[in-house]
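Novice: Would you mind keeping the following structure in view while I ask a few things?
The values are calculated or read from the model by the stated rules, or taken from the named source; none is laboratory data. Just so it is clear, the model here is predicted, and its values are computed rather than measured. We place every Cβ from the backbone using ideal geometry, glycine too, and count neighbours over all the protein chains shown. SASA here: full protein model, heavy atoms, side chains in, ligands and nucleic acids out. Shrake-Rupley method; radii C 1.70, N 1.55, O 1.52, S 1.80 Å.
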Amino acid sequence: MQLYVDSANLADIRAAAALGCISGVTTNPSLLAKEDPSLDVKALLLDIHRTVGGHTSVEVVSTDSDGMLREADEILQWFPEATIKIPFIPAGLTAVRKLADQGIPTNVTLLFTANQALIAANAGATYVSVFLGRLDDISTDGVQAVRDTAEIWDTHGMESLIIAASIRNPLHLLECARAGAHIATVPYKVLLQSMKHPLTDAGLEAFLNDYKAMVAKKGS
Ligand code: G3P
């Protein structure tokens with residue numbers, strides 16, 4: 001399972017990219033809106049793409065398919081490797097089919113059930129983003145939606161890649177990997193939390209102290 005960063009914050013994306021374990025980045029309008037309003041969106045997205053070098057999902061904000069396709073054209077002029085992120089609405093599916101027919105990668109977002117993911121995949125989505133955290137927020141098992149999707153994908157040999165999105169904590173990450181998601185898109189904070197283990201810290205401290213003691217002993 002690959003890891004993407006779910007962020008539009010350049011500092012976080014740079015820090016995550018420096019870890020060497022990130023294959024892409026997903027953005028959305030809300031994540032962009034959290035950043036400095038003086039930043040030019042196009043310039044920011046180009047910086048983000050240059051920083052990570054791999055998958056970069058950029059979301060459209062139109063709600064009609066012609067508008068979505070116009071936005072997709074514009075984004076692809078910024079950088080042709082972009083993946084066009086499209087909301088799961090009927091107009092979105094029309095746009096996904098048209099983009100898929102031209103070989104342009106799409107990421108269908110705001111999926112909350114395996115049925116939605118199945119429909120998006122049949123419209124030609126390259127990626128299907130299943131949101132866990134927002135399901136948990138309404139007392140519904142978010143991981144189950146990813147598990148159901150992965151099971152259907154296995155049964156029918158579906159080709160779209162399943163992105164586990166709306167990941168809020170390390171347990172979500174673990175459960176998505178167990179459920180069979182192909183990719184997890186993770187906020188930088190959750191990536192750091194998932195790296196942390198007290199035995200790693202204690203083990204390193206002991207290694208360094210032991211080595212220092214050995215050097216001191218040799219020197220005396
Ligand atoms: O990128 C979409 C998704 O990951 C958003 O997460 O935490 O706003 O539900 P969240």
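Novice: So which residues in region 38-72 are open to solvent by 40 Å² or more (accessible area, probe 1.4 Å) and either under 19 Å from Tyr127 (Cα atoms) or in a loop (DSSP other than H, G, I, E, B) (or both)?
Specialist: The answer is Ser38, Leu39, Asp40, Gly53, Val61, Thr63, Asp64.
Novice: Here is a further query. Provide a single number: the residues in region 124-138 that are within 15 Å of the ligand (Cβ to nearest atom) and either open to solvent by 10 Å² or more (accessible area, probe 1.4 Å) or in contact with a Pro (Cβ under 8 Å, 6 or more places away or on another chain) (or both).
Specialist: Number of matching residues: 7.
Novice: When both residues are 6+ apart or on different chains and their Cβ atoms are under 7 Å apart, which pairs have a first residue that lies in region 54-72 and is touching a residue at least 40 places away in the same chain (Cβ under 8 Å), and a second that is assigned to a helix (DSSP H, G or I) and within 16 Å of the ligand (Cβ to nearest atom)?
Specialist: Matching pairs, first to second residue: Glu59/Pro29.
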